[in-house]
Structures are given as structure tokens and as C-alpha cells.
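Okay, so here's the structure we're looking at.
The values are calculated or read from the model by the stated rules, or taken from the named source; none is laboratory data. If you're wondering where the values come from, they're calculated on a predicted model, not measured in any experiment. With ideal geometry, Cβ positions are generated from the backbone for all residues, glycine too; neighbour counts draw on all protein chains shown. Accessible surface is based on the protein model in full, side chains and every heavy atom, while ligands, DNA and RNA are left aside. Shrake-Rupley method; radii C 1.70, N 1.55, O 1.52, S 1.80 Å.
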Amino acid sequence: MGILVQKFGGTSLTDHERRERALFHIRKGKEKGYDLVVVVSAMGRKGDPYATDTLLSLLEDGEIPPREKDLLMSTGEVISAAVMSGALWKEGLPNTILLGGQAGILTNDRFGNALITDLRPERVRKELEEGKIVIVPGFQGMTLDGEITTLGRGGSDTTATAIGVALGAEYVDIFTDVEGIMTADPRIVREARPIDVMTYTEVANLAHLGAKVIHPRAVEIAMQKNIPIRVRSTFGEGEGTLITSLTEVNRSLAEVKDRIVTGVTQVPHITQVKVRAERGEFDLQLRVFKAMAEHGISVDFINVSPSGVVYTVYEHEGERTRKILAEMGYEPELLPGCAKVSVVGAGIAGTPGVMAKIVEALVEEEIRILQSADSHTTIWVLVKLEDMNRAVRAIHRKFHLNE
Ligand code: ADP
Ligand code: MG
């Protein structure tokens, strides 16, 4: 029988009752005959005693060297792992905990946002062969020198898929508090519904464009070795959303091409930046984007025309952006308080009229489009933040995503 990786998110582990639900899925995996690796996040959300943000708030003025900060941040998952271990022993299920480094997750030394450089799963494999469930605290890795690192936000998803890839798992199951990946954030669109099957690219796009249900890096890692992911609910028994290759998606439903739009997502707190080419200089774009890159400001939504450039930055980088441009002698126009609404779908490519339909949906709601752009699987529009939720709902309705 194969290997199954099960990852439980913070909201699935908050209290005894929820952990019972997680245990149900672990037992079920065992009953099906899988060798199990269980990856756990820190318990709960900010305010809960051992959640990552709560641990960070213990630092009085927040100042601590990055190495020590990672050590603090990594403890939430360790507590979670030990609690789950105890619960499994109580059920008579033999198990062992392997910390990130012990599980063979090697990273570089970029503390706080370390990248996995190598995976050496021999020890995990050995414990599995001895019939044990292996519990791995998510979100953490280790450098070659033995320093503990953390993998950045959503890092436990990455732990799960990286281990899944290293072991050639049959599935990586991401257990969370929603039924699967939905057509829109259920906190914004009440009638959003779970999607049965999606391609890696669709999900990675959706995640990069704001859907916080799974980390894009986790999806990209699984995609390298074609390891299927299922995003599913801890609190139900549904299979959730299967994430797999385009070939598999096409095999499992004839739908993917008819399904032009898969989902709608949003990123709030964006600032639009306009720089005019007053003096008609034609190296304007080059100068502007070089300066942004040099200062590590990530830019997006770039429109270039002979009269200037328009692009977006995160709102918290707005003032820094203005200063940099001013120092270069430009007089940029900044529009804070924007949001980026994105429409994602593998079927957008080659389907005419998708943009027209989006425009129609927004015009009907009297929402102004400040900027727009597209690639072959995505269309973006920039709107005012106060219009964001209405825009997401209008587009969701227009494409009948609730049906
Ligand atoms: P976990 O603690 O399990 O990692 P997360 O909070 O990271 O949970 O992810 C689940 C949450 O993602 C959901 O509760 C939901 O509010 C949010 N979410 C945002 N966009 C989507 C979407 N398109 N589909 C499903 N959930 C989404
Ligand atoms: Mg998460």
C-alpha cells in the first residue's frame, strides 16, 4: 500500500473536539492501509495560546535576531505535534515525531522565509517501515549547519507537499476548515461552491492571486512530480478538491474546456502608480522598473504606453515608491485604496468574450475599472477597495459559478 500525507491546518487543531475530527481522518487513513505522515500546523489563530502570531506577540518590542525569531516561531507546530502524538498513543496508534530537520527538510539560511534546498526522507521511510505514523511539525526546516528555519506563511502546506514528493506519496491531503477550493472566498461570496477537480496551474494562479486556502509554493512543488493534492474538510467526509495535471483533469471530466472560468479571487490594499513621460524620454520604463527592482519593491499590473507607465505596488510600499520616484525627478500620481480582482480558468485561453462579460458584470454594478490586464489563463481588474467585494460577487454571478 502507498504512502499518504495528511496535513492539518491550525483551525483543524484548535480544541479537543476538532482534534477528534482530525483523528477520525488519521484512523481512516490507517484503516485503508496507508503508511501515514501527518503534518501539523500550530493550533488555532492569533489569540489562541500557541498560535504562531500569539507566540510572536510575546516579544515585547518585536526585536530579536532572525535566527532566534525562527526558533520561537517553530515551537507552535512542535506543541501541536506532541499533542497529536499523545492523542494517537491514547488510541493505541504507534507514532513518532520527526522535526523538520529530522524528517530531512533541508533549507537555505533565509530565516523567516527559507527555501527548501534538499529532501532526505530516509528517516521518515524507516519509521514508516516500522509501522509507525510519522508526525512532522509543519513550517520548519533545518540548514546544513543544523540551524532551525521557518518556511514563511503557509509553510505547513509546503512541508506536506515536499514530503509527499520526496516519498512519492499517493496523495497529499490538505485538511482545512472549508470543503475544498471554492469558486470564491466563502467569506465574501456566500454561494461559492467547492470545485471537484483543478489543475496545478489553476490552483497556483488562484493562490498567487490571493486565495489563501493553499500556499502556491506547495502546489508548485507537488506539480514537479505530479503528486495529486486533495484540499478537503477536517469536519466532513467529502473528498474535497483534487489538484492534478491537465491531462488527468481532462481525463476525469470532459468539462475543463467548457468550464471557462474556474474561480474569482482578490488582493486588497493595492496602490496604483502612474508615471508620465513628460519629457518624452523612451527609457522611462527601464529606469522606473530598474529602480523598483533595486529597492526590492515588487510591481505588478504593468501597462506601458508612449505617454508613460502605470503599475501597482502593495499599499504599504506606496510611500517608499513615491520617494524613490521623486528622487529620480518624476512626479508620480499614486492612488491608494485599490484592490485587484482576478478571474482564473484554464479555459480562458482562446475563448473570446470573457473580458467583455467581466466588464458587463462590473458596469451593471456601477463599478469603475481602473486598470485591466490578462494572460491566457487569467484576467485581472483593478477596482477601488470599497468595490472589491461587490465586484467579486458580480463576476461570480455573471459566470454562474454557483451552479
Ligand atoms: P488552515 O488553517 O487549514 O491552513 P487557511 O485559513 O490557511 O486554513 O485556509 C482556509 C481558508 O481559506 C478558508 O477558511 C477560507 O476562508 C479561505 N479561502 C480564501 N479563498 C478561498 C477559496 N477560493 N476557496 C476556499 N477557501 C478560501
Ligand atoms: Mg493555511
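Using amide H atoms built 1.01 Å from N in the peptide plane, name the residues 5+ places from T117, or on other chains, whose amide H lies under 5 Å from its own.
Under 5 Å from the amide H of T117: L106, T107, N108.
Quick one: grab the alpha carbon gyration tensor of the stretch 56-130, order the square roots of its eigenvalues as a ≥ b ≥ c, and give me rounded if a/c is under 1.5, else prolate or oblate depending on whether a/b is larger than b/c. Write down the numbers at each step before the final one.
Numbers: a/c = 5.02, a/b = 1.44, b/c = 3.49.
Here the stretch 56-130 falls in the oblate category.
Given a Förster radius of 45 Å and the C-beta distance between R27 and E366 as r, what FRET efficiency does 1/(1 + (r/R0)^6) yield to the nearest 0.05? Provide the component values of the computation, followed by the final result.
On the way: r = 53 Å, r/R0 = 1.18.
Once rounded, the FRET efficiency stands at 0.25.
What pairs from K69/K290; K212/K323; K225/K340; K30/K126 go past 21 Å between their alpha carbons? List each step's numbers first, then the result.
Working: K69/K290 32 Å; K212/K323 31 Å; K225/K340 31 Å; K30/K126 17 Å.
Result: K69/K290; K212/K323; K225/K340 exceed 21 Å.
How big is the stretch 146-248 by Rg and Dmax over its Cα atoms, in Å?
Using the Cα atoms of the stretch 146-248, the pair Rg, Dmax is 13.3, 48 Å.
What is the projected area of the convex hull of the Cα atoms of the chain, averaged over all directions, in nm²? Walk me through the numbers before you get to the answer.
Details: hull surface 85.9 nm².
So the mean shadow area of the Cα hull is 21.5 nm².
In whole Hz, with x marking every Gly and Pro, tabulate ³J(HN,Hα) for the stretch 118-132 from phi via Karplus 6.51 cos²θ - 1.76 cosθ + 1.60, θ = phi - 60°.
7, 10, 10, x, 4, 5, 4, 4, 5, 5, 5, 4, 7, x, 8
Net charge near Q371, counting Lys/Arg +1 and Asp/Glu -1 over other residues with Cβ under 14 Å of its Cβ? Kindly include the intermediate steps, with their values, before the conclusion.
Working: positive: K274, K340, R368, K384; negative: D300, E333, D374, D387.
Counting the neighbours of Q371, the net charge comes to 0.
Determine the shape class of the stretch 1-109: with a ≥ b ≥ c the square roots of the Cα gyration tensor eigenvalues, call it rounded for a/c under 1.5, and otherwise prolate if a/b is greater than b/c, oblate otherwise.
Details: a/c = 2.80, a/b = 1.62, b/c = 1.73.
The shape class here is oblate.
With an 8 Å Cα cut-off and a minimum separation of 6 or more residues, compute the relative contact order for the stretch 246-332 in percent. Please list the in-between numbers first.
Working: 84 pairs, mean separation 27.9, N = 87.
After rounding, I find 32 percent.
Nearest 10 degrees is fine. How inclined is helix 66-90 to the longest principal axis of the chain, computing both from alpha carbons?
It is inclined by approximately 40 degrees.
I'd like to check one number: the per residue accessible area of the chain, probe 1.4 Å, reported in Å² as a whole number.
Details: 18810 Å² over 403 residues.
Per residue, the chain has an accessible area of 47 Å².
What FRET efficiency would be calculated for the residue pair R390, A82, taking the C-beta separation as r and a Förster radius of 35 Å, to the nearest 0.05? Please report the intermediate quantities before stating the final value.
Numbers: r = 45 Å, r/R0 = 1.30.
Here the calculated transfer efficiency is 0.15.
Taking the highest mean first, how do the peptides 91-103, 284-296 order by number of other beta carbon atoms within 10 angstrom per residue?
Working: 91-103: 18.1, 284-296: 14.9.
The most tightly packed comes first, giving 91-103, 284-296.
Relative to the longest principal axis of the chain, what angle (0 to 90°, nearest 10) does the C-alpha long axis of helix 388-398 take?
Taking Cα atoms only, the helix is inclined about 80 degrees.
Could you give the dipole magnitude of the chain about its Cα centre, charging the beta-carbon of Lys and Arg +1 and that of Asp and Glu -1, in debye to the nearest 20? Provide the component values of the computation, followed by the final result.
Values: 47 positive and 56 negative charges, 111 e Å.
Charge dipole of the chain: 540 debye, to the nearest 20.
Going by alpha carbons, how many degrees (0 to 90, nearest 10) lie between the helix axis of 284-294 and the longest principal axis of the chain?
30 degrees
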